[in-house]
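Below you'll find the structure, written out as structure tokens, and then a few comments.
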Amino acid sequence: MNFGKLTFFVLLAISLSLVSFADGMIMPIHQDDPYPLILNHHVNVKIENEFVTVHVDQEFQNDGYRDIEGQYIFPIHSGTVKNFQIVVDGKTYEGQLLSSDEAREIYNKYVLERKEASLLEYSGTEMFTANVVIPRGSRIRVQITYEQLVGVNAGTYYLFYPLSTERYTTKPIDPVNITVDITAPGKIGFVMSPTHDVKVERVSDSNAIVTYYSKEIPDRDFQLFYGVTEREYDVKLVGSRHESDDGYFMLFLYPTIEPGEEMPKDVVYVMDLSGSMDGEKIEQTKKSLEYGLGKLNPADRFNIVTFSSDAILYSQELTSASGQAVAKAQIFSRSLEASGSTNINDALVMAEGQFADDERVHVVVILTDGEDTTGHSTEGIIKAVRGAADVPLKVFPFGVGTDVDFELIDRISNEFGDGIPTYIRSDGELEASLSSFYDKIARPLLTEVKLEIAGGAGAYDVYPRSLPDIFSGSQLSIAGRYSGSGANTIILSGKLAGEEKKYEYEIEFPDKQTCPTNTKCELIAPNYFVERAWAVRKVGYLLDQIALEGESDELVAQVKTLAIKYGIPSPYTSYVSTTPEGDEVRRDVGIAEAIGGWGAIANSFTAGAAYKSAESAQDAATYAAETKFVEGKTFVQIGGVWKDTACIDGEAPREVAFGSPEYFSLASNPEMAKYLSIGERVWVCGDGQVLVTPSGHEGAPTNGTTTGPEPTPPSPTPPVFDYVPYLALLVLLFVAVVFSLGRRPGAEVSEVDMHRALSSDTRVQILGELTNGDRTPTDLSRKLGKSKATISEHLDKLVEAELVDKIERDGKKWVFYSLTRKGKSVTKVGG
């Protein structure tokens, strides 16, 4: 293959809609070739008022065993291209701009040839594309710059970036880095991503830099919302309403009050110095306390209560936060040592006795890693604290580790705080969590906060139930439901330096979602993340009630219903169905994976706290391994089929062959295409039930139901897998293994064990795939056309036989598998 003969063609169509830039991938033309690695991916977005410039820079590498001939695909929804070029071995090739009519044909081609149903997610979009050849071991760099308009609706701006194409790689990407530099036509208010953990740096009132950085393989598209205002508070509403159901909303409040209007505060730091805090915990506690003292304003006052067997005051009265006083207290914090038992009761009572009845903000920060071990019960502590609280105050509790008294921390937070405690699982998170909190409470603006929605919206089921104090730089989000629509008045009230304040803003609650002219409805209607974020909040409060008041059939039933519908991990949630072979399978909608590491007793408390504070669904409710939430539906994998949890028992689905004309007819509907993109075998329920199977008659998981009539045989499609070379490889592998074991009588793995490991065609296929490089179970599932659960079981057998290594990286959710030296030797002889 000749680089001089590289041809490039670009397909583009321009349609002005909400801003939506895209992400590129390389699809190998030959079915047996692996995907090239995506080494790194940098996106720089510059927004000037409503004008957007996007620069994408990606680098790929061929780590396979031969040259890869492929097609670079770059899905795009709107924009004007300024530059598109590919660099191979230091040489730059410019692209060409052609029509977009072939885009859908190209997507469908790879859906069929590579069994990549996930490409249907981009069906109907336009693309850039270029033919490329990547020699073995070589790299290719792709750079694209284009311009477009940002989407604006009532002062709310929206960005969308299809990051999920990064799943077409086999190793973590180092890094995925998105930078969005926003210059707005007014003050920037709330900024949030419902999909990713972003950092926001506010450079000035009208300039903010939003960054996302990760070394993992992304599994969802990137979304960003932000508000622009000239008012004291940026108040924006994002609504979601479809069909005839009541709507869902998220209301965001961000203070844009000028500096200097914040209120002075009194802060008492209550630090646990019991023996169990020794080591890394106490070191991080000292650093975070020193940091918190440094965040105090000159008008603030402070004190410190340390406790172990006894509670001890740092000063007999509150100390003004002058530079000299703070420096002295910081020196004191460095001298703290851990020993003794845990007297939480006396420490809290002592802290609350520090406050006077004045107009200042009163704050208590308590950090502990255990239970009160001095004979005080939870009820006794709550009663004592209640008796000592003569003035308005807020207590912010931090529980560290798995031995903390979760019930006590929750009770303190609900009665004296904002109802959302912070639980810190590992010592390493302690300093970062506390430092972030001290940043948040540095400048209080509004206390005793209340919010009223006046008008015909009919808002109900709103969370949080009680609003926290508002601090400068902090963001408040409220989730709820509504039955009406139209203009409503948001009335925000509270106290500022003892003076009653009231702010009123007009907000429009949308009726059912409509499709504005010249827009792509699938991008904007409905906002499913709003619906799921509300559900996450509600599950958090239900779990909170269960943890504090005990289980009831009604509460548990509500948790189960919401958790199954929205794919939210909970201690009570599982989904039971039957495989085509008649085996009953239970799938947890998995709290262990999402919240895990706390232990069974703590799950309800930690999940409840995390969900109540979640600004978006991604903050707390990570999907379980066998669960996916797509466009308002939750799918659970049963027997290799992704089944919609909305399916009604007893109804037989209409079967459709993967890749058939009927299949692509269904995929022409953008919403259905999103559902079908989950995998090769999908069971979707709505107006009717549709089951997609590779052959059209393989059957479906049921709950005592039967499948529908056998459909017309589908048009021929490429085979899922060519077994002939692997059967030959199997015979050679047996010869190689027997020969190898005969020469090594001391081998740890017996001949019988090795025979069992290689007695499966699937395991032989897996070994063949691993000769091309490290792979994840998801990669192997897609390549071999088998469920991820099946692939994982076979990988476990190969690991036991010492033919394959399982590679896990700290802090990474992706697990890779590679051939061991033994695995390489037998596949080399076998090949």
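Summary of computed values
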read-out	value
Top-ranked residue of the stretch 604-658 - restricted to ones that are of a type in the set (Lys, Arg) and surrounded by fewer than 24 Cβ atoms within 10 Å (Cβ to Cβ), ranked as modelled with the highest pLDDT	654
One residue from 449, 462 being out of contact with any Phe, Trp or Tyr (no Cβ under 6 Å at 6 or more places or on another chain), of a type in the set (A, V, I, L, M, F, W, C) and open to solvent by 40 Å² or more (accessible area, probe 1.4 Å)	462
Selection status of residue 6, at pLDDT below 75 and under 17 Å from residue 67 (Cα atoms)	yes
Every residue from the stretch 278-307 that is open to solvent by less than 10 Å² (accessible area, probe 1.4 Å) and more than 14 Å from residue 337 (Cα to Cα)	288, 292, 293, 300, 302, 303, 304
Cβ pairs under 9 Å, 6+ apart, first in the stretch 663-691 and of a type in the set (S, T, N, Q), second part of a strand (DSSP E or B) and open to solvent by 10 Å² or more (accessible area, probe 1.4 Å)	677/630; 689/654
Qualifying positions in the stretch 332-366 - of a type in the set (A, V, I, L, M) and over 15 Å from residue 304 (Cα atoms)	338, 356, 361
Any pair with Cβ under 6 angstrom, 6 or more apart, that starts in the stretch 488-509 at a residue that is over 13 Å from residue 236 (Cβ atoms) and ends at one that is of a type in the set (Val, Ile, Thr) and open to solvent by less than 60 Å² (accessible area, probe 1.4 Å)	488/453; 488/507; 494/447; 494/449; 495/447; 504/489; 504/491
Residue ID - farthest from residue 215 (Cα to Cα), chosen from residues in the stretch 802-829 that are at pLDDT below 85 and in contact with a helix residue (DSSP H, G or I) (Cβ under 6 Å, 6 or more places away or on another chain)	829
Close pairs from the stretch 132-155: first under 29 Å from residue 67 (Cβ atoms), partner in a strand (DSSP E or B) and among the small types (Gly, Ala, Ser), Cβ under 6 Å, at least 6 apart	132/70
Subset of the stretch 238-253 that is of a type outside the set (S, T, N, Q) and open to solvent by 30 Å² or more (accessible area, probe 1.4 Å) - its residue that is modelled with the lowest pLDDT	243
Wholly within the stretch 89-183, strands (runs of 3 or more DSSP E) carrying at least 1 residues that are open to solvent by less than 40 Å² (accessible area, probe 1.4 Å), at pLDDT 70 or above and small (Gly, Ala, Ser)	126-134, 151-153
Which numbered condition residue 270 fails, given (1) modelled with pLDDT of 80 or more; (2) among the hydrophobic types (A, V, I, L, M, F, W, C); (3) within 30 Å of residue 458 (Cα to Cα)	(3)
Selected residue [surrounded by 22 or more Cβ atoms within 10 Å (Cβ to Cβ), in contact with a strand residue (DSSP E or B) (Cβ under 9 Å, 6 or more places away or on another chain), among the acidic types (Asp, Glu) and closer than 22 Å to residue 351 by Cα] from 410, 418	410
Subset tally (residues that are of a type outside the set (D, E, K, R) and at pLDDT 85 or above) for the stretch 497-534	6
Filter result for the condition that a residue is at pLDDT below 75 and more than 22 Å from residue 134 (Cα to Cα), over 11, 16	16
Residue in the stretch 263-277 that is assigned to a loop (DSSP other than H, G, I, E, B), within 17 Å of residue 439 (Cβ to Cβ) and open to solvent by 30 Å² or more (accessible area, probe 1.4 Å) present	no
Residue pairs meeting the criteria (Cβ under 7 Å; at least 6 apart or on separate chains; first farther than 15 Å from residue 173 by Cα, in the stretch 807-831; second modelled with pLDDT under 80 and open to solvent by less than 20 Å² (accessible area, probe 1.4 Å))	819/827; 826/733; 826/736; 826/737; 829/736; 830/733; 830/736
Residues being among the polar types (S, T, N, Q), open to solvent by 30 Å² or more (accessible area, probe 1.4 Å) and closer than 21 Å to residue 646 by Cβ - total across the stretch 536-570	2
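Residue-by-condition table, conditions (1) part of a strand (DSSP E or B); (2) farther than 30 Å from residue 495 by Cβ:
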{"site": "341", "(1), (2)": "no, yes"}
{"site": "356", "(1), (2)": "no, no"}
{"site": "359", "(1), (2)": "no, no"}
{"site": "385", "(1), (2)": "no, no"}
{"site": "391", "(1), (2)": "no, no"}
{"site": "396", "(1), (2)": "yes, no"}
{"site": "418", "(1), (2)": "no, no"}
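Rundown of residues vs (1) in a strand (DSSP E or B); (2) under 22 Å from residue 415 (Cβ atoms); (3) open to solvent by less than 20 Å² (accessible area, probe 1.4 Å); (4) without any contact (Cβ under 8 Å) to a residue 24 or more places away in the chain, yes/no style:
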residue: 309; (1), (2), (3), (4): no, no, no, no
residue: 327; (1), (2), (3), (4): no, no, no, yes
residue: 331; (1), (2), (3), (4): no, no, no, yes
residue: 364; (1), (2), (3), (4): yes, yes, yes, no
residue: 370; (1), (2), (3), (4): no, yes, yes, no
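The values are calculated or read from the model by the stated rules, or taken from the named source; none is laboratory data. Source: prediction; values computed, not measured. Glycine gets a Cβ as well: all are built from the backbone with ideal geometry, and neighbour counts include every protein chain shown. Ligands, DNA and RNA are excluded from the accessible area calculation, which covers all protein heavy atoms including side chains. Shrake-Rupley method; radii C 1.70, N 1.55, O 1.52, S 1.80 Å.
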